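What follows is a set of notes on a single structure, which appears directly below.
The values are calculated or read from the model by the stated rules, or taken from the named source; none is laboratory data. All values derive from a computational prediction rather than experimental measurement. In this analysis, Cβ positions are derived from the backbone assuming ideal geometry, glycine residues included, and neighbour counts consider all displayed protein chains.
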Amino acid sequence: MTDQRKIQHLYWRAGFGLKPNQIREKTTLSIDQAVDQLFRDAERAQQSPIKDNSNYGDISNADHLSMGKELKVAQRKKGRNKVRKLNYQWVKRMTNPSQSPLLERMTLFWHDHFACMPQQPHWAVGYLNALRSNALGNFKEMVLAVSKDSSMIRYLNNKQNRKTSPNENFARELLELFTIGRGNYTERDIKESAKAFTGWSTDFEGNFVFKEKQHDFGNKTFFGKTGKFDGDEIIDIILEKRKTAEYICSKIYHYFVNDQIDKQRVSELTDVFYNSGYDIKKLMMHLFKSDWFYADKHIGNKIKSPIDLITGMANAFNMKFESKDALIFLQKALGQVLFAPPNVAGWPGGKSWIDNSTLMLRLNLAKNLVEQKDFDFKPKDDFKAAGPSKATKKIAVTTNFNLFNQTFNGSDERKLANKLSEYLLQTDINIDKLPLDDFTNNTDKVRSMALLLMSLPEYQMC
Amino acid sequence: MKRRNFIKHTSLASTSLLVPSFLNKTSCGTNKVVGEATNNSTSTSTVISQSNTGKNLVIVQFSGGNDGLNTIVPFRNDLYYKNRPNLAVSAKAVLKADNDLGFNPVLTGLKSIYDDGLLSIINNVGYPNPDRSHFRSMDIWHTASASDEYLQTGWLGRYLDHSCSGCNSHHLLEVDDSLSLALKGKQRNGFAMSNPKQLRNLTQNQFLKTTARQKHKIKAVDNIDFLYKTMIDAQSSANYIFEKSKVKKTQTAYPTTEFGRHLKQVAELIMADSDTKIYYVNLTGFDTHVKQQRQHELLLKQYSDGMNALVKDLKTNGLLDNTLIMTFSEFGRRVKENSSMGTDHGTANNLFFIGGKLKKPGFYNEAANLANLSEGDLIHQIDFRRIYATVLEDWLEVDAKRILGKSFDKLQVV
């Protein structure tokens, strides 16, 4: 295992891959130094929360109440469009070297974990900041922030959770998906904990609103304890259980290390997480600094998510999407639109990204984007008007090969192929056996060879 | 199916050439999945269809939530006219079928299918605690889950996993560019294809073909093997369908829309005795919140004309008894129209079966009760998973419980 591959492994899993000009700089670092640098950058970036530029924050609750129905509908539609803009900006942030790849990676992980579909831009910004500001903080704070988040309260119907008619949706997902996992609670626990979250509501401005009249102040019996618990205390009781730490660590392992769970390693992580009082930074630091994280079997074994694929290409070629529509068309076609997970369980990931349609798109993607070819592809629409079929669409991007060429130009033929594959592929491949020469275009050898390597199934792995 | 015919087929030859060496070995000293991949992609037996029944199933999905009440119209019900002062179909215009129910006037094709005893209409299909989000409700229909349960595989995908493990992915074909969750299993996926020629061209990447043939060192990691296998399957299925799609050409007029073109594709593949046995077709645009009537009727007419053409082709070729067509939508619409000349998301809805061997043609059960609503919405009578169980057991002849996770009472319909 070369040092370059190990550093790239770290950057793929803790970020979104390296830019070509970062290879030399980062390979001079030890793993520990590289990890420390990632965390330092994350802390710095965390100082600036995402700003709401949508102007939606200016619409007060009273303004919104006085709007007519049609105005509200128009407002909602405009709002959804602005959420798409936040998606676009987020992807840009992931590959912006003056931001923090680790912080954005963690935020993306938590978006997948606390999956939610915010409908309005100012709510989306609130949701994103709840995740981002706690992404490497304390898990308890994160759960609490998400429970009080306007987008989540709406998404899981907690606005309808009232003393007189409890809605259990939020409580169920809190236990099943967000904290302790299936099989560790009873239906009774759901009913009782739902009472503790009654009256946890929100307004148009996106504030958390505690509606005292709708809250059930009575006794609840939860996980064998009885008391006049509120939501905060319920979360405490859930987190007292080591099972909760184990469930989260198992998800972390699955996402950051390997699809195949190794119980012993998960137990090691659980110790760190639980004993630290759910300190996410300590957990992730431990993971990224463990020797076993860089074991052969973990490197290059993960199927890239659509976001991994898109950001990886953006890093390689300094690729910029000319519009949010172009980016979102591609996300849709590949099956992962930010702020629009399939459901509250998030994206299943792994092999489920792949079918014949998405794989063929993926294998041809680098070339199609760089050469700006038409996509003969029509993603499923959002149930809207039938309209004429628009099968062909150009995904407008600009690419800049300067950094790429500076890094790889001037190498002799065999060396070039090796250097490119070392950068682009995280799996072993016998480069001498590839028919690269027969398919390489001699007028722009570096680019042409890179695009060939990026059409291999191996490029889909990270 | 006829093994000899198939082996003659060119696609098989190209498939085995494409198999990279690591998949060809029976044992790489690695893991089980490689062995399975070997079985599925290299031995000829798995390229042969495993379908025992020879029956075809066509599923038509109305995306967006079809307004069932304006499709099959309760033209004697005052409550219907009271709730729909602007949108109701007038009793005079309805194509009368039953004492109380009739077809939307644009559904002349569907009405004649009904008159021929080839249509069963199941009223009031839905599920408990209905979800009014398109995405979520469609998910529920695709995965056959309860409304508070999140499954990551589709019911037809699980059919491939459990009951058709030797089948090719194109056994289950969605005529579209992308694959719906309904067709995704844990081990296996169905196949998505909108245009055979275009897809075949996309899979003919010479560099990849040559590369796959090379003996290169590969870390036998589960996921990369899976990608190679999917790629090779895609190449061979694309070839197969491309060749099959040229065998029979229909002269029947289909709607000149994308939906019509897709149905025609289905008809021609069925007529060519393709290995594909389950077809999935989408008709989208039913989310009619605003100015519903024109849009809704355009869609219904497309559907009705399309079904009429398909039934005609199947009948002419003696294939109607072997084919079952099921049409559903993720939910119906609210009983009361909204203030924008449209309707909002609702719950229970009607579902159609078309075929030559229906046990109970006509109306399977009574119309929805408009006097007993839940928050303005219809209350379902028949859980849609009972319908799936019926299709799986009585049509595809497999154990529905393995696929749906539990038993559901079947309907006496197919």
(message) Residues to consider are B:109, B:117, B:65; find the one that is at pLDDT 95 or above and within 14 Å of chain A (Cβ to nearest Cβ).
(response) B:65
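For the structure I just gave you, tell me whether residue B:230 is more than 13 Å from residue A:457 (Cβ to Cβ) and either surrounded by 18 or more Cβ atoms within 10 Å (Cβ to Cβ) or out of contact with any Gly (no Cβ under 9 Å at 6 or more places or on another chain) (or both).
Answer is no for this residue.
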(request) Check region B:238-255 and report whether any residue there is under 23 Å from residue B:63 (Cβ atoms) and either of a type in the set (S, T, N, Q) or within 20 Å of the chain's Cα centre (by Cα) (or both). (result) yes
(message) Of the residues A:41, A:52, A:3, only one is surrounded by fewer than 18 Cβ atoms within 10 Å (Cβ to Cβ) and either more than 30 Å from residue A:331 (Cβ to Cβ) or not basic (Lys, Arg) (or both); which?
(response) A:3
(request) Quick one: in region B:359-388, of everything that is assigned to a loop (DSSP other than H, G, I, E, B) and of a type in the set (S, T, N, Q), which residue is surrounded by the fewest Cβ atoms within 10 Å (Cβ to Cβ)? (result) B:372
(message) Name the single residue that is farthest from residue B:286 (Cα to Cα) among those in region B:128-148 being among the hydrophobic types (A, V, I, L, M, F, W, C) and at pLDDT 95 or above.
(response) B:146
(request) Out of the residues in region B:192-207 that are modelled with pLDDT of 85 or more and outside any helix (DSSP H, G or I), state the one that is surrounded by the most Cβ atoms within 10 Å (Cβ to Cβ). (result) B:193
(request) Can you tell me which residue among A:432, A:412, A:438 is free of Cβ contacts under 8 Å to residues at least 24 places away in the same chain, more than 10 Å from chain B (Cβ to nearest Cβ) and farther than 30 Å from residue A:380 by Cβ? (result) A:412
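Does residue A:207 count as within 14 Å of chain B (Cβ to nearest Cβ) and not hydrophobic (A, V, I, L, M, F, W, C)?
Here the answer is no, as residue A:207 does not meet what is asked.
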(request) Kindly indicate whether residue A:176 is acidic (Asp, Glu), within 13 Å of chain B (Cβ to nearest Cβ) and farther than 19 Å from residue A:240 by Cα. (result) no
(message) Out of B:148, B:131, B:139, I need the residue that is touching a helix residue (DSSP H, G or I) at 6+ places or on another chain (Cβ under 7 Å), among the acidic types (Asp, Glu) and not in a loop (DSSP other than H, G, I, E, B). Which one?
(response) B:139
(request) Would you check if residue B:225 is within 30 Å of residue A:428 (Cβ to Cβ) and among the acidic types (Asp, Glu)? (result) yes
(request) Taking residue B:210 as meeting all but one of (1) among the hydroxyl-bearing types (Ser, Thr, Tyr); (2) crowded, with 21+ Cβ neighbours inside 10 Å; (3) facing chain A (nearest Cβ under 8 Å), write down the number of the exception. (result) (2)
(request) Select from region B:134-173 the residues that are touching a residue at least 12 places away in the same chain (Cβ under 8 Å) and of a type in the set (Ser, Thr, Tyr) and write down the one among them that is farthest from the other protein chains (Cβ to nearest Cβ). (result) B:163
(request) Go through (1) more than 14 Å from chain B (Cβ to nearest Cβ); (2) within 30 Å of residue A:335 (Cα to Cα) and name the single condition residue A:286 misses. (result) (2)
(message) I'd like to check which helices (runs of 4 or more DSSP H) are fully inside region A:294-381 and have at least 1 residues that are farther than 17 Å from residue B:224 by Cα and acidic (Asp, Glu).
(response) A:324-334
(message) I'd like the full set of residues that are facing chain B (nearest Cβ under 10 Å) and either of a type in the set (Lys, Arg) or under 27 Å from residue A:117 (Cα atoms) (or both), limited to region A:358-380.
(response) A:358, A:359, A:361, A:362, A:367, A:377, A:378, A:379, A:380
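Residue-wise test of (1) within 7 Å of chain B (Cβ to nearest Cβ); (2) surrounded by fewer than 19 Cβ atoms within 10 Å (Cβ to Cβ); (3) at pLDDT below 85.
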residue: A:382; (1), (2), (3): no, yes, yes
residue: A:390; (1), (2), (3): no, yes, yes
residue: A:397; (1), (2), (3): no, no, no
residue: A:403; (1), (2), (3): no, yes, no
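Which one of these is touching a residue at least 40 places away in the same chain (Cβ under 8 Å) and away from chain A (no Cβ under 14 Å): B:89, B:94, B:125?
Criteria check complete, one pass: B:125.
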(request) Take residue B:321 and decide whether it is within 20 Å of residue B:391 (Cβ to Cβ), outside any loop (DSSP other than H, G, I, E, B) and modelled with pLDDT of 95 or more. (result) yes
(request) Give me the pairs, please: first residue somewhere in region B:380-404 and on the phi > 0 side of the Ramachandran plot, second residue anywhere and surrounded by fewer than 22 Cβ atoms within 10 Å (Cβ to Cβ) and not hydroxyl-bearing (Ser, Thr, Tyr), beta-carbon distance under 8 Å, and either six or more positions apart or on two chains. (result) B:397/B:52
(message) I'd like the full set of residues that are at positive phi and either more than 9 Å from chain B (Cβ to nearest Cβ) or acidic (Asp, Glu) (or both), limited to region A:312-342.
(response) A:318, A:339
(request) Return a yes/no flag: does region B:329-350 have any residue that is closer than 14 Å to residue B:57 by Cβ, of a type outside the set (Gly, Ala, Ser) and surrounded by 18 or more Cβ atoms within 10 Å (Cβ to Cβ). (result) no
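Looking at region A:343-357, which of the residues that are of a type outside the set (Gly, Ala, Ser), within 19 Å of the chain's Cα centre (by Cα) and facing chain B (nearest Cβ under 9 Å) is nearest to residue A:152 (Cα to Cα)?
Out of the qualifying residues, it is A:344.
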(message) Name the single residue that is farthest from the other protein chains (Cβ to nearest Cβ) among those in region A:246-270 being in a helix (DSSP H, G or I) and surrounded by fewer than 16 Cβ atoms within 10 Å (Cβ to Cβ).
(response) A:267
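Which residue out of A:156, A:136 is hydrophobic (A, V, I, L, M, F, W, C), surrounded by 20 or more Cβ atoms within 10 Å (Cβ to Cβ) and within 14 Å of another protein chain (Cβ to nearest Cβ)?
Of A:156, A:136, the one residue that is hydrophobic (A, V, I, L, M, F, W, C), surrounded by 20 or more Cβ atoms within 10 Å (Cβ to Cβ) and within 14 Å of another protein chain (Cβ to nearest Cβ) is A:156.
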(request) For region B:269-284, state whether one or more residues are at the interface with another protein chain (Cβ under 10 Å from one of its Cβ atoms) and free of Cβ contacts under 8 Å to residues at least 40 places away in the same chain. (result) no
(message) Just to be sure I understand, how many residues within region B:172-191 are part of a helix (DSSP H, G or I) and surrounded by fewer than 23 Cβ atoms within 10 Å (Cβ to Cβ)?
(response) 1
